[in-house]
Amino acid sequence: MFVAFPAAATDMDTPVEYTEQERRKILSMTALDSERFLDPTNRFSGNEKAVAFGKLLFFDKRLSDDRTVSCATCHIPKSGWADGKLYASRDGALRQTLTLTNIGYNRWFGWGGSSDSLWAHSLIPIEAPNEVAGSRVQVAVRIQTEKDLYSTYTELFGPIPAEIAPAQLPEQGRPVSRDPDHPLHRQWMALSDSQRRAVDDLFVNVGKAIAAFEATIVSRSSAFDRFAEGLRDDNPSQMAALSTSAQRGLKLFLGKAKCVLCHSGPNFSDGEFHNIYVSRAGEDDYGRWDGVAQVRASSFNFESRHNDARPEQAFPWVRYVTRIPESKYQFKTPTLRDVAQRRSFMHNGRFSTLDEVIDFYDEIDEAKEFQDHEETTLVPIGLSHQEREDLIAFLHSLTDEEAQSELPDL
Ligand code: HEC
Ligand code: HEC
């Protein structure tokens, strides 16, 4: 006798329904502002010439001492603007390259938020010995001795003061606050106050041009966004941009799995810092705890003379930021747009697939063992095999395929 058996495949394709609350949440996660992000602290943001110069510098190895490293060495466009590798940070802890996707939409920069502007953060790698490994004095010399850089720089920023002409400067030099006897620090201090001021001005201009370019790295038009438009317009054929599996994943993201508590808004990030137990025993990277001290001490922060914003234009976050014991082990919530392009995940690169990330969130209690801090929002989810697949399908739907196809192969 033939027994009617509910076919799994048919069940799986049952159209997904949305409550009014879910609908509102979904619409709040789409339509990332199409305007290029304009940063009031950077008067060159949005300036086409600055964008072009910044792009040239980003891919140019001449910012590094031995001319072998550029920003793109680690921020590889087609790998989600990262490389999935670990590098020793200033405190010796290992951190992986952070994505630059939608970087202009961040409030803090770096895994621990050690900068309050994109341009200030773009200067740090130029001088970090394990990143671009240059120095601000060397940048000032190179900008003047490389013909194409010199003409573009002066066209954009005006003439360079004669007191920092290459003949007036050593080859290298930068402040090394932790080690006043460092040769680079001594060379830096051998300059006059006004030479140091002029070098800093030039260096900051370079950072502002690079930041103007970085802010154009935008991912905003994914299958999820086409689906959301369909949901708004009640257009089922457009809603089909998201597979049924990804739609179920979206419901989990908003509901049972609670991802949206932190990965919220059109950039899928609250821009804040959380301890989600990614650090393992023996890892002493304090994340936000160190970031707060660094951003406050930075000579390029919002309080410095290099900030172009008028007081009413931008909120001086850094003036009010303090660290509390809970800041330890907190890291910035990364955007999930284009997340499937990345090669590894979390500040310490702990996971190399999205499957592993989902397993981690699913079994979060095991991760809590070595830290006493209680993050009460994170509890084991209890996902079925199918629910894992659905959540991962949803994460894959956040890639802006068209923007990806236009990126250079590096
Ligand atoms: C050797 C690899 C490497 C190079 C070269 C490099 N970076 Fe990075 N980048 C990193 C790492 C690692 C981080 C995370 C650092 C941290 O949080 O302490 C990062 C973080 C960033 C961030 C913060 C992103 C965010 O979401 O907050 C920006 C901006 C950035 N880099 C810009 C640049 C620029 C501009 C250059 C070139 C001048 C550059 N990087 C060169 C590895 C690199
Ligand atoms: C309590 C806030 C919070 C919740 C809830 C949360 N996340 Fe995260 N997420 C973070 C933070 C913070 C990081 C970075 C942590 C680190 O590196 O130490 C992160 C990192 C990630 C990463 C890695 C991104 C990268 O570039 O390295 C993925 C993927 C991710 N989360 C997906 C999810 C999913 C899926 C859910 C729901 C199951 C979720 N998150 C729930 C805060 C949260």
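The values are calculated or read from the model by the stated rules, or taken from the named source; none is laboratory data. Predicted, not measured: the structure shown is a model, and the values here were computed from it. Neighbour counts run over all protein chains shown; Cβ positions are idealised from the backbone, glycine included. All accessible areas refer to the heavy atoms of the entire protein, side chains included, with ligands and DNA or RNA removed. Shrake-Rupley method; radii C 1.70, N 1.55, O 1.52, S 1.80 Å.
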Legend entry - Max mean-square fluctuation residue, GNM over the chain, Cα-Cα springs under 10 Å, options Gly104, Gly158, Gly113: Gly158
Legend entry - Percentage relative contact order, the chain, counting C-alpha pairs under 8 Å, at least six apart: 24 percent
Legend entry - Centre separation in Å (Cα based) which lies between the range 378-410 and the range 19-72: 22 Å
Inset, instruction - Report, ordered by chain and residue number, the lysines lying within cross-link reach of Lys256, taken as a straight Cα distance under 19 Å and ignoring same-chain residues fewer than 8 apart. - result: Lys25
Inset, instruction - Given a cut-off of 27 Å, name the pairs among Lys251/Lys332; Lys61/Lys208; Lys208/Lys258 whose C-alpha atoms lie farther apart than that in the structure shown. - result: Lys208/Lys258
Legend entry - Alpha-carbon gyration tensor eigenvalues x 5, square-rooted, for the range 182-243, Å: 54, 11, 6
Inset, instruction - Mind pulling the angle between the C-alpha long axis of helix 147-157 and the longest principal axis of the chain? Nearest 10 degrees, somewhere in 0 to 90. - result: 80 degrees
Inset, instruction - Can you send over the solvent-accessible area of Tyr320, 1.4 Å probe, protein chains only, in Å² to the nearest 10? - result: 140 Å²
Inset, instruction - For Asp13, Asp39, write out the residues from largest to smallest accessible area, computed with a 1.4 angstrom probe and no ligands counted. - result: Asp13, Asp39
Inset, instruction - Could you work out how far helix 244-254 tilts from the main Cα principal axis of the chain, as a 0 to 90 degree angle to the nearest 10? - result: 70 degrees
Legend entry - Centroid-to-centroid separation of the range 278-343 and the range 98-122 [C-alpha atoms, Å]: 8 Å
Legend entry - Radius of gyration, Dmax [the chain; alpha carbons; angstrom]: 23.5, 97
Legend entry - Helix axis angle, 136-145 relative to the chain longest principal axis, alpha carbon, degrees: 70 degrees
Legend entry - Accessible-area ranking of Lys147, Lys332, Lys85, Lys251, largest first, probe 1.4 Å: Lys147, Lys85, Lys251, Lys332
Inset, instruction - Please report, as a whole percent, how much of the solvent-accessible surface of the range 263-410 comes from carbon and sulfur atoms (probe radius 1.4 Å). - result: 50 percent
Legend entry - Calculated P(r) tail over 25 Å for the range 183-285, as whole % of Cα pairs: 56 percent
Inset, instruction - Along Cα→Cβ, 7 Å out, is where each label goes; now give me the distance between the ones at Asp193 and Thr377 in nm to one decimal. - result: 4.7 nm
